[in-house]
Structures are given as structure tokens and as C-alpha cells.
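Encoded as C-alpha cells, the structure appears first; notes follow it.
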Amino acid sequence: MKLTFWGAAQQVTGSMHLLEVGHYKILIDCGLDYEKETYQEENQQFPFDPASINLVILTHAHIDHSGNLPTLVRLGFDGQVLCTPPTADLTSILLFDSVELFLRKASRKPRTKRGNFSGPKPLYLHKHVMDTIDRFVTIAFNKPFKINGDISLTFVPVGHLLGAAAAILTINDNGIEKKIAFTGDIGRENYPVLVNPEPLPEVDYLVSEATYGGRMHTKDQTLEERLVQEITEACIKSPGRLIIPAFSIGRTQSLVFALNQIFTKKLLPPIQIFVDSPMAIQATEVYRKHHNLVNQEAKDFYQTMGDEFEFEHLAYVQTMKESKDVSNYFDPCIIISSAGMLEGGRIQDHLYYNIQNYYCTILFIGYCAKGTLGYKLLSGAPIVRIKDREMMVYATIHQTDLLSGHGDHNDLVKTIKQTGQPKKVFLVHGEDKSLQSLSTALQEEGFNVAVPERGAFFEL
């Protein structure tokens with residue numbers, strides 16, 4: 001049995017691990033690596049023949065785990081993609097959106113002398129996404145699935161996103177039973193809408209994410225308290241607006257439910273809330289469809305109070321005309337819009353009209369990668385470029401980690417300890433500092449840890 005790390009190795013994005021059992025090749029995740037400017041070209045270069053892969057296992061829908069599947073299909077992969085039912089639905093939404101982004105990028109660049117567009121060619125098109133979706137085979141949580149005579153798979157819920165799972169593989173390797181787990185991304189306990197991560201079984205080998213290695217989440221305030229504080233300051237004490245950039249899938253649904261609880265309890269007077277993201281509307285429908293997989297708190301709320309994602313003074317914005325009307329809404333309001341790092345999406349329009357508004361607060365609720373507009377604002381940049389215009393920043397900029405979908409350092413250590421005493425723990429999906437912090441902490445606990453480079457392989 002051989003394991004090779006082809007993505008998210010000593011970096012966060014591009015999750016992709018190749019497990020070979022004899023001649024049978026399984027790819028765990030096939031995410032977009034977007035750490036370089038030239039990522040569209042780079043993601044076409046697989047370090048193996050896509051046609052040689054027998055099977056893909058997808059841990060969850062996020063683009064850094066799923067986003068390169070259509071390229072794999074386009075270049076020759078013709079096997080199945082195993083995932084949970086919500087992952088199949090959410091991935092479909094995200095992949096179609098990726099195509100739109102690619103097409104916009106291609107058309108935005110100046111034309112060549114011959115009148116052609118000179119932007120990067122799309123990695124894939126709608127056709128390739130549809131071919132990919134055709135390959136999805138869905139498996140329920142905690143139901144062992146026999147891949148072949150020697151390999152079976154079990155998905156264990158890990159929170160983080162609806163449908164997100166750790167993949168547990170039980171393998172008969174020449175008569176010896178071996179267990180290997182791939183955590184995907186690990187969520188956190190008591191997160192709005194999502195279930196708590198379930199304990200992982202004891203395994204021989206573990207591949208774990210390390211996003212928050214060395215970092216702790218805020219503990220001195222609840223999410224409810226923080227949202228009440230931010231809304232009071234921005235919309236009640238002053239006649240302003242609170243803009244919350246939020247990823248359309250996952251983050252927006254949890255935020256809407258948290259706000260629903262606040263206004264249902266009458267902790268604040270009614271305030272108009274706009275969710276301006278067509279993708280968020282699609283994703284919310286998926287959450288409704290798979291309501292049996294939300295946490296008990298959300299189920300109880302549904303039974304007693306009604307739909308978690310609908311309440312008075314909440315409006316979902318669909319068309320561009322409606323979106324422009326939101327910009328002209330002069331009473332205090334809350335605007336939730338994507339994308340979370342401010343790179344594209346309708347959030348840019350809202351920033352354009354509000355970044356120079358003293359009565360506007362922008363509350364970041366997630367991670368912003370270096371180089372993004374979100375990162376620049378969080379770094380205190382006095383002037384930013386929005387829609388080809390240099391603009392002074394007069395709005396108030398705040399950030400909270402209380403809606404981060406990733407478990408922190410202690411959560412990661414706890415998850416890894418559940419797996420007993422694996423022969424080896426491999427750490428991926430983290431920046432250098434996070435990987436080193438988590439590696440050191442685990443070694444002190446007696447674990448045999450490796451932080452593999454891209455292309456490193458191990459005989460297991």
C-alpha cells in the first residue's frame with residue numbers, strides 16, 4: 001500500500017492524496033490549488049495520468065477539495081466519485097459557479113490584435129461539470145461501503161459543512177488488515193446548524209488537516225453576544241449598516257440561523273436583513289432538502305418556531321436590480337453577501353457604495369488569504385482598489401472567528417487522539433506555522449508525525 005501527497009502539502013489549498021492498493025488507485029479529494037496567480041494553467045498538470053485513477057473519494061464540497069474534479073474528468077478519468085448526498089448537491093452548485101468565474105476571467109482580459117480574448121482559458125466548461133456530476137455515487141454516513149473485495153469505506157460526520165466527512169478505509173493488504181483515515185476538514189462543536197464532529201475510530205494511519213494548528217478560537221464571548229454587540233453599534237446606536245461578507249455555502253446558512261434566533265428571542269428590535277447571493281439561495285435549498293442531517297438545535301427550532309432560514313424582515317435578493325435597490329436602502333440594515341474574501345461577487349458592489357461611509361461597519365467572519373481585498377482591509381489599508389477605482393476606507397472594519405468552520409488547535413489534537421496510536425500521522429492543509437505547531441504538540445504526546453512535501457510518498 002502506497003500513499004502519495006499531491007496537494008495541500010505544506011499549504012492549505014489543492015487537497016489531493018493518492019492511495020494505491022496493489023494496482024488499484026484511489027484519489028482522496030481533487031481540489032483546486034489557487035495559491036499561485038497562474039493557478040488555472042497549473043491545475044491542468046496532473047502528476048499522474050487521470051485515466052489511471054480507478055476511484056475518487058470526496059470528503060466535502062469546498063472548492064479546495066472538489067474544484068479540480070471536472071479537469072480530472074476532462075483529461076480521462078472515467079471512474080466513480082464517492083461522497084455523501086449533501087456533498088454531491090453542494091459540489092454541483094460550486095462547480096457550476098467555478099465555470100462562471102473562469103468565463104468572466106477569460107472575457108475580462110484585453111483582446112489581442114486579432115480580436116481574441118487573451119485571458120486564461122477556462123479550466124473546464126459546463127459540459128465537464130455535468131460529466132463529473134454523472135459520476136457521483138452517494139453513500140450515507142456510518143454505512144460501510146464495499147469498494148472491492150479488499151477495500152471498504154465508511155464516512156464519519158465531522159461538522160465543518162453540511163455533508164462533510166472523514167473517510168475511513170479498511171484495507172486487506174496481502175492478508176493484513178490496515179485502517180487509514182483522511183479527516184478532510186474538521187469542524188467544531190456547537191456550531192449553528194451543523195452537527196458536532198463524531199469521534200473517529202482507531203486506525204493504523206491518519207491524514208489530518210492542520211488549518212488552525214497553534215491557534216485557538218475566541219472563548220470569552222458567544223456568537224450571539226458578538227452579533228448583538230455588532231448590530232447594536234452599527235444599526236441601533238447609529239443609523240448605519242452592517243455588511244457581513246460570507247461564503248454562500250455553509251457560512252451564510254449558519255449566520256442566518258444565528259440571526260433568526262436573536263430576533264426570535266427579541267434580543268434586538270427588528271432590523272431589515274438582506275441576503276444578497278443567488279448561490280446562497282441555492283445552497284439554502286440543499287440545507288432544507290437534507291434537513292435530517294442538521295444538528296438537534298436546528299431541528300428543535302424547526303419544530304417549534306418554523307424554518308431556520310426564513311423570518312420576518314429577512315429578504316433573499318435574487319436579481320441584479322434587487323441588489324442595486326439594496327444599495328439605495330437608507331434605513332439601518334444588515335447585508336450578507338459573498339464572496340467571503342471580497343474577491344468578486346455582489347459584495348464588491350456593496351463595498352463600492354459603502355467603503356467611504358462613516359456609518360458602515362464591515363464584519364469579517366472568516367479567513368482572508370494574503371493578497372485578497374479582504375486581507376488588505378483587515379491589515380488596515382487606508383486606500384483600496386474596488387472596481388478599478390482607488391477609494392479611501394472610512395468604514396469601520398471588524399473581524400470575529402466565532403463563525404470559523406474549522407476546529408482549533410485543541411479540537412485537532414482531540415480528534416487525532418481519538419484514533420488511538422496510529423503508526424504514523426500525516427499533517428496536511430495548513431500553513432507552515434500551523435503545521436509545525438500541531439506537529440510539535442503531537443510529538444510531545446508521543447505520536448509519530450510527518451509533514452510531507454508535495455510528491456512525497458510512503459509505503460504503508
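What follows is calculated from the coordinates using simple rules that are stated; it is not laboratory data. Bear in mind the structure is a predicted one, so any value in this text is a computation, not a measurement. In this analysis, Cβ positions are derived from the backbone assuming ideal geometry, glycine residues included, and neighbour counts consider all displayed protein chains.
Numbers below:
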{"quantity": "Coarse-grained scattering of the chain at q = 0.06 Å⁻¹, given as base-10 log I(q)/I(0) from a Debye sum over alpha-carbon atoms", "calculated": "-0.26"}
{"quantity": "Projected area, mean over directions - the stretch 62-174, Cα convex hull, nm²", "calculated": "8.9"}
{"quantity": "C-alpha long axis of helix 251-264 to longest principal axis of the chain, angle in °", "calculated": "50"}
{"quantity": "Relative contact order %, the chain, counting alpha carbon pairs below 8 Å whose residues are six or more apart", "calculated": "18"}
{"quantity": "Antiparallel bridge percentage (DSSP; both residues within the chain; nearest 5)", "calculated": "45"}
{"quantity": "Gap separating the Cα centres of the stretch 76-109 and the stretch 286-324, nearest whole Å", "calculated": "24"}
{"quantity": "Spatially proximal lysines relative to Lys121 (Cα-Cα < 26 Å; intrachain offsets below 8 disregarded)", "calculated": "Lys36, Lys105, Lys109, Lys113, Lys370, Lys387"}
{"quantity": "Using alpha-carbon coordinates, inclination of helix 432-444 to the longest axis of the chain, degrees", "calculated": "50"}
{"quantity": "Overall form of the stretch 115-161 per C-alpha gyration tensor (a/c, 1.5; a/b vs b/c)", "calculated": "prolate"}
{"quantity": "Overall dimensions of the stretch 223-399 by Cα: Rg and Dmax, Å", "calculated": "15.9, 49"}
{"quantity": "Partner aspartates and glutamates for Lys376 [C-alpha distance under 14 Å; skip if fewer than 8 residues away on the same chain]", "calculated": "Glu343, Glu390"}
{"quantity": "For the stretch 160-243, alpha-carbon Rg relative to the globular expectation (2.2 N^0.38 Å, N residues)", "calculated": "1.69"}
{"quantity": "Cα-based reach from Lys237 at 21 Å (exclusive), listing lysines while leaving out same-chain residues under 8 positions away", "calculated": "Lys265, Lys266"}
{"quantity": "Segment Lys265-Leu101, length gained on full extension (0.36 nm per residue, minus Cα span)", "calculated": "55.1 nm"}
{"quantity": "Percent of Cα-Cα distances greater than 13 Å, calculated over the stretch 405-457", "calculated": "58"}
{"quantity": "Estimated dipole of the chain in Debye, rounded to 20 [Cβ of Lys and Arg +1, of Asp and Glu -1, Cα centre]", "calculated": "1220"}
{"quantity": "Value of D in µm² per second that Stokes-Einstein yields for the stretch 324-397, Kirkwood Rh from Cα pairs, at 20 °C (1.002 mPa s)", "calculated": "171"}
{"quantity": "DSSP beta bridges in the stretch 223-399 [antiparallel fraction, %, rounded to 5]", "calculated": "15"}
{"quantity": "Calculated over the stretch 185-224: convex hull of Cα atoms, volume per residue (Å³)", "calculated": "99"}
{"quantity": "Relative packing of 196-207, 8-19, which averages over residues the other C-beta atoms within 10 Å, highest first", "calculated": "8-19, 196-207"}
{"quantity": "For peptides 55-68, 305-318, sequence by mean Cβ density within 10 Å, most packed first", "calculated": "55-68, 305-318"}
{"quantity": "Centre separation in Å (Cα based) which lies between the stretch 132-178 and the stretch 235-263", "calculated": "35"}
{"quantity": "Nearest-ten-degree value, helix 296-305 long axis tilted from longest Cα axis of the chain", "calculated": "40"}
